[in-house]
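Notes follow once the structure below has been shown.
Readers should treat all values here as calculations from the given coordinates under stated rules, not as data from a laboratory. As the structure is a computational prediction, the values presented were derived from the model and not from experiment. Every residue, glycine among them, receives a Cβ derived from its backbone with ideal geometry; neighbour counts consider all protein chains shown.
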């Protein structure tokens, strides 16, 4: 696929709650296919005005697709993701709202079938999978939409994390191998690392939206020395580092390119940027700027906002050949 790595990504289409997997067909000459796979990030889930999450056409895959169309007007987008998928359900099915989208109930099998039916016609595959192995591991947060439930103090369930890591280590190499086999050696596959939206809960008090807009003079009050919260933030960063390392190793072993999305969010960067108006460290500021975690009306919600989706699409675009 001819696609410039240094393209300028722009936002387009208004959002709409999604149905099943769908083709987005451009006008123009027949071209190849772009197949997008994965979880809620792949289908552009964002909260609406009432804070309820729904699929939109503002996800990173949609923005990337619109960008690729500039160079390949005949390209078609097969949008096959499903919100809530983790590595196990991606392989085996078992998530009712996702099973109904695929003939055999499994997203990976549906992807393999599509690649077989369009052999030699698929130019690009993107993949976002793994985060939902851990969304339920943060207690005190409603997982699937990442909103605080107020029922208990926020902490990390160590057993849940261990199970999520074990499944990640078992499932992702199989996912990567099967995708590469189905796609063949000439189709580019790009998969991503993750960011950590829960830093907003770990480093802010009970009013993340209010604290995110605090002035630099208020920074000491906004970020008091809280050993428990600070420890949770450190633990979350360590977990994310292990998760992203596992994903990267499995993908690279199969010749799958890696979009290092965490490089945009800078999860380990705790320095306060020069000239900051909030006094927040870079990792937390990025979470507030690029997701709905610090939004007073729609959040807190773990998903990328429009700006975040553009940043993620930009990282993918840099990897596209």
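Determine which residues of the stretch 50-89 fall in the zone a paramagnetic label at residue 186 would reach in this model, i.e. backbone nitrogen under 18 Å from the point 7 Å along Cα→Cβ.
In the stretch 50-89, the label zone of residue 186 (backbone N under 18 Å from the point 7 Å along Cα→Cβ) covers 75-76.
Take the Cβ-Cβ distance between residue 238 and residue 92 as r, set R0 to 25 Å, and report the resulting FRET efficiency rounded to the nearest 0.05.
Result of the calculation: an efficiency of 0.30.
Suppose the Debye formula is applied to equal point scatterers at every Cα of the stretch 82-140; what is log10 I(q)/I(0) at q = 0.20, 0.23, 0.24, 0.25 Å⁻¹?
-0.78, -0.94, -0.99, -1.03
Which order do the peptides 280-288, 87-95, 70-78, 266-274 come out in when sorted by mean C-beta neighbours inside 10 angstrom, highest first?
Most protected by this proxy first, the peptides run 280-288, 87-95, 70-78, 266-274.
Which FRET efficiency value, to the nearest 0.05, do you get for residue 276 and residue 297 by plugging their Cβ-Cβ distance into 1/(1 + (r/R0)^6) with R0 = 25 Å?
0.60
Stretch residue 136-residue 177 to full length: gain in nm at 0.36 nm per residue minus the Cα-Cα span?
Fully extending the segment from residue 136 to residue 177 adds 12.1 nm.
So if R0 is 30 Å, what FRET efficiency would residue 159 and residue 252 give, r being the distance between their Cβ atoms, rounded to the nearest 0.05?
Computed FRET efficiency for residue 159 and residue 252 comes out at 0.55.
Taking the Cα-to-Cβ direction at residue 260 and at residue 166 and moving 7 Å from each Cα, how far apart do the two end points lie in nm?
Using points 7 Å along Cα→Cβ, the separation is 3.2 nm.
Between the stretch 46-95 and the stretch 257-321, how far is it from one alpha carbon centroid to the other, in angstrom?
Their Cα centres are 18 Å away from one another.
Evaluate the distance, in nm, between pseudo-label points positioned 7 Å from the Cα of residue 268 and of residue 48 along their respective Cα→Cβ axes.
4.1
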